[in-house]
Amino acid sequence: MGSALVRELKTRSYDRLLTRSRSELDLRDQSAVNNFFKQERPEIVFLAAAKVGGIQANNTARWEFLYENLLIQNNILGNALASDVKQVVFFGSSCIYPKLASQPIREDYLLTGPLEPTNEPYAIAKIAGLKLVEAANQQYGHRWLSLMPTNLYGPGDNFDLESSHVLPAMIRKFHEAKAGSERGRRQPVKLWGTGTALREFLHVDDLARAACDLMTTGHSGLFNVGSGEELSIRELAGQVAEVVGYHGPVEWDSARPDGTPRKLLDSSKVRATGWAPRISLGSGLKQTYEWYLGNMPSLKD
């Protein structure tokens, strides 16, 4: 998400971008973040940094997903408020909504039911972040934004099988299975769950464009940002396999969790501002796989 924002901001002629790598600035360190704000005095803040991962990572590192995300958010948003930053865009996640929320999910469904247990710590952290944004607007008169995107994918994604989300994990699994088959080591691709869960996916460049559009037009508050198109995880697997060129068997491990059964966002609020996604899932998958092939040389084999 961060690299997509940088790409979009550069196309809009923002030439004074303040970026730091993890090694340069640990956002969990309150003192370091405080010094950064004092020295750089940012005018606009996009908070895309977070500890993220798929079902397995969320469910096994529950302390880290709650604690580290709270630290990051509190440090950035607290310093943004203290520095009187007028424009902040906070990125959350669709997992903030109840597990069994009515579909499509509207912004006002927040806190109307229990969360999905496997990613509850991450969701609670993100809810805390958007409530800080809400409080800054109500109490101090700011016009900060909270964007709740659906499942994101695109160049720069995390393809680590232990911590990645479903789509990049599929790309890597199908690619490695294809490479194995070409070497005579034909093994099935093993995927979690039953494949029946429904999801929508949005290219990161479309989200970056939405964030910049809303920021420059002065909107504030909470906005869902989704593609409006959903498909089953099984259907997604078929599309990924086709893009990668894998034609072997696929096995589904029904003993593994599916997660929330359906998660389709109502993005009518952001669409009413004039934004709409431009990158289809088909073309986005091809672009992402091409990026993977060109940027993950250690995984090609």
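What's the angle, to the nearest 10 degrees (0 to 90), between helix 204-216's Cα axis and the longest principal axis of the chain?
20 degrees
Please list, in order along segment 137-153, the HN-Hα scalar couplings obtained from phi with the Karplus expression 6.51 cos²θ - 1.76 cosθ + 1.60 (θ = phi - 60°), rounded to whole Hz, x for Gly and Pro.
5, 6, 8, 10, x, 7, 10, 7, 10, 10, 10, 10, x, 6, 4, 9, 7
For the chain, set up a Gaussian network in which alpha carbons nearer than 10 Å are linked by springs, and say which option among Glu235, Glu176, Glu251 fluctuates the most.
Comparing Glu235, Glu176, Glu251 in the GNM, the peak value goes to Glu251.
Helix-only mean residue ellipticity at 222 nm, the chain, DSSP H runs n ≥ 4 weighted -39,500 (n - 2.57), per residue, nearest 500. What is it?
-13500 deg cm²/dmol
Among Arg172, Arg41, Arg20, whose mean-square fluctuation peaks in a Gaussian network model of the chain (Cα, cutoff 10 Å)?
Its mean-square fluctuation being the largest, the pick is Arg20.
Return the long-range amide H neighbours of Lys99 (sequence gap of 5 or more, or a different chain), with a cut-off of under 5 Å between placed amide H atoms.
Result for Lys99 returns Leu115, Glu116.
Once each part is reduced to its C-alpha centroid, what is the distance from segment 1-67 to segment 157-190 in angstrom?
28 Å
What angle, in degrees between 0 and 90 and rounded to the nearest 10, separates the Cα long axis of helix 2-11 from the longest principal axis of the Cα atoms of the chain?
70 degrees
For each of Ser13, Ser102, Ser93, count neighbouring Cβ atoms within 10 Å of the residue's Cβ, then give the residues from fewest to most.
The order, fewest Cβ neighbours first, is Ser13, Ser102, Ser93.
Taking θ as phi - 60°, what are the ³J(HN,Hα) couplings along segment 55-66 by the Karplus curve (6.51, -1.76, 1.60), each to the nearest whole Hz, with x for Gly and Pro?
4, 5, 4, 4, 7, 9, 10, 5, 4, 4, 5, 7
Under 14 Å from the Cα of Lys263, which aspartates and glutamates turn up, not counting those fewer than eight places away in the same chain?
Within the straight-line limit of under 14 Å, Lys263 reaches these aspartates and glutamates: Glu107, Glu116, Glu200, Glu229, Glu230.
Only counting other Cβ atoms within 10 Å, I'd like Glu107, Glu229 sorted with the fewest neighbours first.
Final ranking by Cβ density, sparse to dense: Glu229, Glu107.
Between Asn158 and Leu231, what is 0.36 nm times their sequence separation minus the Cα-Cα distance? Round to one decimal in nm.
So the chain would gain 24.1 nm between Asn158 and Leu231.
Would you mind checking Lys178/Lys286; Lys51/Lys126; Lys190/Lys286 for any pair whose Cα atoms are more than 18 angstrom apart?
Lys190/Lys286
For segment 204-301, which trypsin sites (Lys or Arg not before Pro) are both in a DSSP coil and crowded by at most 16 other Cβ atoms within 10 Å?
Those satisfying the criteria are Arg278, Lys300.
Compute the helix-to-body angle for 233-244: its Cα long axis versus the longest principal axis of the chain, expressed 0 to 90° and rounded to tens.
80 degrees
What distance in nm lies between label points placed 7 Å from Cα along the C-beta direction at Met296 and Ala32?
For Met296 paired with Ala32, the spin-label model returns 2.7 nm.
Out of the DSSP beta bridges found with both residues in segment 2-299, what percent are antiparallel (nearest 5)?
10 percent
Please find the FRET efficiency linking Glu24 to Thr216, where r is the Cβ-Cβ separation and R0 is fixed at 30 Å, and quote it to the nearest 0.05.
0.65
Taking θ as phi - 60°, what are the ³J(HN,Hα) couplings along segment 84-96 by the Karplus curve (6.51, -1.76, 1.60), each to the nearest whole Hz, with x for Gly and Pro?
6, 6, 7, 10, 10, 10, 9, 9, x, 7, 5, 6, 5
For a quick check: with amide H placed at 1.01 Å from N, whose amide H comes under 5 Å from Arg262's, ignoring anything fewer than 5 positions away on the same chain?
Leu198
No lab work stands behind these numbers, since they all come straight from the coordinates. The shown structure was predicted, so the numbers you read here are calculated from the model rather than taken from an experiment. A quick note on method: Cβ atoms are made from the backbone with ideal geometry, for glycine too, and the neighbour counts reach across all protein chains shown.
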